[in-house]
Amino acid sequence: MTAPMDEMVDGSGRIRPHWRDVLGAVGGLGRPQLEERARRLQRAAEEEGVASILPGSKSAAVGWRCDPVPLPLPADEFAALESGLAQRARLLEVLLADVYGPQDCVREGLLPAALVFGNPAFLRVWRRAAAPPRRPVLRLYAAELLRCPDGIWRVMSDRTALVSGLGHARENRRLMGEAMPEAFRASRPRGLSTFFELWQDSLQRLAPPRAGHAEAAPAVALLSAGHDHPHWFEHVVLSREISAALVEPGDLTVRGGALFLKTMQGLQPVDVLVSRVEATTLDPLEFAEADAGDGVPGLLDAARHGALSLVNAPGAGWAESPALAAFLPALCERLLGERLWLESLPTEWLGSPGAAARALAGPEAPLIRPAMDGAAPGARLDGALRAAVLANPSGFAATQLPPASVAPCFSGVTLAPLPVALRLFGFSDGDRWHAMPGGLARVLDDVAPMAGRLPRSGWCKDVWVLSDENGPIIGPAAQHLPPISIRRDSGALPSRVADNLFWLGRYVERLDRAARLMRATLSRLRRGVPLPREVAELAALASCLVEAGIIEEEARPSGGSTTALAAALALAVTPEGRVGRLQSRIASLTATVRDRLTDDMHATFVQTLRAARAAGDTAGTGLEALSRAMIANLRFATAVAGVASENMTRGGGWLFLELGRRLERAQAVLAEIGLVLEQPPARIEAGLRLVLELCDSVITYRNRYLAVLQPAPVLDLVLADPSNPRGLAFQMAAIGEALAGIAGSAEDTLIEQAGDLAQAAAAVVDDLLAAADQAQAASELPPRLAAMADALGELSNAVFRRYFALLPAAQVLGLDDEPAEVVPA
Amino acid sequence: MIYRVRHVTTYRYDKPVDLASHLLHLKPRALPGQRVMNARIRCLPSPDHATETHDHYGNATTRIFLAAPHKHFEVVAESLVSVDFAPPPPAEDTMAWEDVAAAAPDGEAAEFLFGSSHAPVLAAAADYARPCFTPGRPILAALLELNSRITREFRFQAGVTSTSTKVEEILRLKRGVCQDFTHLMLSALRGLGLPARYMSGYVRTRPPPGQPRRRGADQSHAWVGAWLGDAHGWVGLDPTNAIVVRDEHVVLAWGRDFADISPLRGVILGGGAHRLTVSVDLEAEGGA
């Protein structure tokens, strides 16, 4: 086997010129510093959501690691790759137009019928027999290449369906700019922003003319399968780069032949959809294999009739078929009248006469891939594959793999030469293809799949295209878009995102409440032998803990023993406990609203949540450590509140987060006061002290009333005083304001309900003041507070019904419900 | 023969359907031997949006979208169609079936060589058919024998199979309905390397002697389109009735199998449980 080419060192052992600046900078750092940079890259990736937020949480479980050493490409070499990539994309574009149109290539024998009609990736629903498709099927393209020992880059796979990796490449560049500034300054790689600006511009131009909305700017959306998709973070990055709304299938609906986004402000039109979901799950009406709940019924028909542009159009994935590579040179001559500049790795379709025998007999085991499944990683020919190939040769393609070129990679200890695959990206503006001056280099270590779909995790390098000193500066062409009118709202808020923010608010507050209750309990347990007053307080706290679902009934203190209570609290902070589960739920919700959070906000969320989880993980059963873990949880909740208040505009998203938090807190305040006041009149003072502690109002009370505890002033502070942000009245006012902000009007039944509750709270205090014996009156309050809690629960349900009522389930008709047939007589 | 076709499909839902999309293959296609004098589709409630296209196979395809809540949905497809398909050539004049198989990959029928979800290329089905396909036998002779054999050896019985019943299962059950026999024959022919397509449409109901025609008793029908080679093209074979398609069938559409061209498919939001009734009338004009 020939030796692989070394990207960095030439045949005589000299460093190639385009590596000098990078190596100089990397070498100048020294190894300890390089280790630190590698760690910094890893940390940054984690904080920004490339990796999962909490270990084991379902969200975004992607482990992409960016190597601190980039892969530099000289300007002239990239220029050749760029034109090769553009030509190859053009070829596939024309070929797809033929396959989804007249099919001359099949008729002329340039393409075996099996690769079209026997190919599951050929989506008949997108073909129009009569006329060619209105728009090019292919708009976005990527190729994955290996450099062969002869120094030539050749294509291993064409990516035309999901075209993953673009967002990762963008993110790598950002991370590298921060982690490796010296190398950056030394090499001055070409920037990526222009590429994304041009792409965004071209996407907007794809918008079909919209009757009656001529003045509105085109709406571009990026369709993702959701936050548990392995490439969710990439979707977040991409949607930001191209200013597209990040949407999931459930956010969309087709009405009157056009696509709309369901938002809190009603249906908003979508003109261009960059799809990151499998084409066959786009529309359950068109694809029999789709589930009823998949996709958006009517979406394909909207695209078919030009009311919507899909990037890429369904069916583009056909061009990923590995066997196609064998036919591209001839097709290029026929369709473009040109020689194919960017060749494929030598590939044969094993359905061609003699091809299977050649593949099986060759000296090197080729890469065997399913002939028509571009997503499959493929494997080197072995015994099992040999049998499969012999049984059905036309189902496979064989590719001769060269030893891929090696580039220095930092393993964490040393720089080692490892093989790399280079993924390049391009988009079409309708006239020409633009290649991104950069790319994603995958390190082909032992675990990396060779070809196929971008894996969910891996080791990658940023690709630096070095600038030609005299190169032209390219910027987006002058746009003739209508000026955007100034808006003060936060744009269309998809209903799903509002729902998630609402629940994020509720769960963060629920965690805050759990931490407060537990901290209060732990501080009493830590005193060893409790005073009689503390015994009563612990009983009341245990009631609150049971009510909040933090401990079970059995854990209540009994007969002076608090062992079970302490054990239950230790259990609650484990990942399976109440606190741990709340943290996991928050982590997963944070991932779902990743696109609504700035990087700083997200980093704050993640850092403080991780700290809280870590404090719980190491707490064990020590009361002091558990207390510290509670403080870490409170710090997280405070950080969320601070970030929300200082960094979010007071628009749709913030309103729902606020509404969730305030409703949850109001319910907690009422429940706790009710439980704590369930005391005989003689003990009411202990209850009042606890009320102040749980509502974080001890100091305020002391400043106002010194040390004398009386029911009316205490309950005024926690129920009726609208200036106490931990009290009920404040929550009700905030709920009313949030509801008014969402509804766009203060005239609303829900707002009235919130107002009624605030008045009921004021009436409680008035009645206490008028009572002959305040302690007696206070101990009779719990039923009245319970009624208020019920009213609040009704308000919460009404909010849920109005804004988040679940849609009825979708179902498919006409598959298995044809009535039984009657035999024709 | 001229037929007046009336195909009524009715869904009744327990709960209101909020949003519905339906994909219809309910307009007869114009063909040599089949003239469509008129064809129309009406729905109740009337759709908010509807489109008409021709699909990949050239079949007329209608999509209708309803955005107002409804508990009842009815589609009425009516047409007036004149049918007189040319008689097939004498069986002995057709090519040897092996030669048809050899010519198929480069011919116009190549698409229908490949397996599809409901009619995969299946060795067991090919084995079932192989006794009819003796070496060198003219293809039509073999096809006619297979067509009759399926009618003879399989019992027509509704309710034992569904649209998701696999061909293997049909071979084992030895019973089913027209769709099943069609899928079986498609699998068998494709397994022998012969192109075959799924034909959807209707067959006329012959009135028993002395009785009026049974109105509303019929359903959608299905049969096989088999390829005889470039010279003779396609022939329609109805393995449910052991007949060659001449003037008793009306063609709606063709595809690889049922899934490509099911007469009516829909996705609804809401609705709960539903009841479906279908009636097909194929009345010969002039009472013939």
Only strands (runs of 3 or more DSSP E) wholly contained in segment A:324-429 count here; list those with 3 or more residues that are of a type in the set (Asp, Glu) and touching a residue at least 60 places away in the same chain (Cβ under 8 Å). none
Taking residue A:247 as meeting all but one of (1) under 30 Å from residue A:742 (Cα atoms); (2) surrounded by fewer than 23 Cβ atoms within 10 Å (Cβ to Cβ); (3) not acidic (Asp, Glu), write down the number of the exception. (2)
With the structure loaded, tell me whether residue B:174 is under 14 Å from residue B:117 (Cβ atoms) and either away from chain A (no Cβ under 14 Å) or over 16 Å from the mean Cα position of the chain (by Cα) (or both) or whether it fails that test. no
Among the listed residues A:299, A:267, identify the single one that is among the aliphatic types (A, V, I, L, M), under 18 Å from residue A:494 (Cα atoms), crowded, with 24+ Cβ neighbours inside 10 Å and within 11 Å of chain B (Cβ to nearest Cβ). A:299
When only residues in segment A:228-251 that are in contact with a strand residue (DSSP E or B) (Cβ under 6 Å, 6 or more places away or on another chain) and outside any helix (DSSP H, G or I) count, which is nearest to the other protein chains (Cβ to nearest Cβ)? A:247
Of a type outside the set (D, E, K, R), buried (at least 16 other Cβ atoms within 10 Å of the Cβ) and either within 11 Å of chain A (Cβ to nearest Cβ) or more than 30 Å from residue B:267 (Cβ to Cβ) (or both): does that describe residue B:135? no
Residues located in segment A:278-291, provided they are crowded, with 20+ Cβ neighbours inside 10 Å, assigned to a loop (DSSP other than H, G, I, E, B) and more than 11 Å from chain B (Cβ to nearest Cβ): A:282
Hey, among B:222, B:231, which residue is buried (at least 22 other Cβ atoms within 10 Å of the Cβ) and at pLDDT 90 or above? B:222
Take segment B:191-212 and flag every residue that is of a type in the set (Lys, Arg) and modelled with pLDDT under 95. B:204, B:206
Select from segment B:149-171 the residues that are charged (D, E, K, R) and either surrounded by 15 or more Cβ atoms within 10 Å (Cβ to Cβ) or more than 11 Å from chain A (Cβ to nearest Cβ) (or both) and list them in ascending order. B:149, B:152, B:153, B:166, B:168, B:169
Picking from A:609, A:538, which residue would you name as being out of contact with any Pro (no Cβ under 7 Å at 6 or more places or on another chain), part of a helix (DSSP H, G or I) and under 27 Å from residue A:666 (Cα atoms)? A:609
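Looking at residue A:527, is it part of a loop (DSSP other than H, G, I, E, B), out of contact with any strand residue (DSSP E or B) (no Cβ under 9 Å at 6 or more places or on another chain) and among the charged types (D, E, K, R)? Spell out how you get there, then give the answer.
Values: part of a loop (DSSP other than H, G, I, E, B): yes; out of contact with any strand residue (DSSP E or B) (no Cβ under 9 Å at 6 or more places or on another chain): yes; among the charged types (D, E, K, R): yes.
Yes: the conditions hold for residue A:527.
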Report whether or not residue A:457 is of a type in the set (Gly, Ala, Ser) and closer than 25 Å to residue A:372 by Cβ. no
Please work out which residue is farthest from the other protein chains (Cβ to nearest Cβ), limiting yourself to segment A:81-129 and to residues that are part of a helix (DSSP H, G or I) and free of Cβ contacts under 8 Å to residues at least 12 places away in the same chain. A:104
Taking into account only those residues within segment B:261-287 that are more than 7 Å from chain A (Cβ to nearest Cβ) and within 23 Å of residue B:59 (Cβ to Cβ), which is surrounded by the fewest Cβ atoms within 10 Å (Cβ to Cβ)? B:279
Among the residues of segment B:17-45, the number that are more than 22 Å from the chain's Cα centre (by Cα) and within 13 Å of another protein chain (Cβ to nearest Cβ) is 5
Tell me the strands (runs of 3 or more DSSP E) entirely within segment B:47-94 that contain at least 2 residues that are surrounded by fewer than 17 Cβ atoms within 10 Å (Cβ to Cβ) and within 11 Å of chain A (Cβ to nearest Cβ). B:49-54
Residue A:307 being within 11 Å of chain B (Cβ to nearest Cβ) and free of Cβ contacts under 8 Å to residues at least 12 places away in the same chain: no
Within segment A:652-730, helices (runs of 4 or more DSSP H) holding 1 or more residues that are under 30 Å from residue A:597 (Cα atoms) and of a type in the set (Phe, Trp, Tyr): A:652-676
Tell me, please, whether a residue that is touching a Pro at 6+ places or on another chain (Cβ under 6 Å) and either at pLDDT below 95 or in the same structural domain as residue B:240 (by TED's automatic domain parsing) (or both) can be found in segment B:169-184. yes
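The values are calculated or read from the model by the stated rules, or taken from the named source; none is laboratory data. The structure presented is a predicted model; accordingly, all values stated were derived computationally and were not measured. Heads up, the Cβs are rebuilt from the backbone with ideal geometry, glycines too, and the neighbour counts pull from every protein chain shown.
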